[in-house]
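Below is one structure; the comments refer to it alone.
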Amino acid sequence: MKTESIKAEILKNVTPLWLKTPNTLYSLRVVLPQFDNPVGLFFEWNKIGRATHSQAIASYPAEQAEQVLQAVEELKTEHGLTVMISK
């Protein structure tokens, strides 16, 4: 899968959740694989002072980890989305 198609798929899944309401923090968490596990993408949001809500939005094979990271970095610069990378 190419970086552009990964980026489009992530944006398509995030758009309905990213409501841009006041006093709400939004972020995209990328969980990198250990061993042969897939790369997981989660969209997280929380009102200030409240618990964080997290929803899985995509999963990609471990072989595509570099392409996913590149797509996420492009989304970060184009849309101003906060990105957290976990190992």
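Only helical runs count toward this figure. For the chain, summing -39,500 (n - 2.57) over DSSP H runs of n ≥ 4 and dividing by all residues gives -10000 deg cm²/dmol at 222 nm. In this calculation the C-beta distance from GLU4 to GLN34 is compared with R0 = 41 Å, giving a FRET efficiency of 0.90. Shape class of the range 3-86 from the alpha-carbon gyration tensor: prolate, with a/c at 1.5 or above and a/b greater than b/c. Charged neighbours of HIS53, selected by a Cβ distance under 13 Å, balance to +2 (K, R count +1; D, E count -1).
Counting neighbouring beta carbons within 10 Å and listing from fewest to most, the residues LEU11, LEU17 come out as LEU17, LEU11. Full extension of the chain between SER27 and GLU63 gives 10.6 nm of extra length, using 0.36 nm per residue less the Cα-Cα distance. Dipole check for the chain: with +1 at the C-beta of Lys and Arg, -1 at the C-beta of Asp and Glu, and the Cα centre as origin, the magnitude is about 460 Debye. Label sites at LEU19 and ASN46, each approximated as a point 7 angstrom past Cα along Cα to Cβ, lie 1.8 nm apart.
Every read-out reported here was derived from the displayed coordinates using simple, explicitly stated rules and does not represent laboratory data. Fair warning: this is a prediction, and the values are worked out from it, not measured in the lab. As a convention, Cβ positions derive from the backbone with ideal geometry for all residues, glycine included, and neighbour counts pool all protein chains shown.
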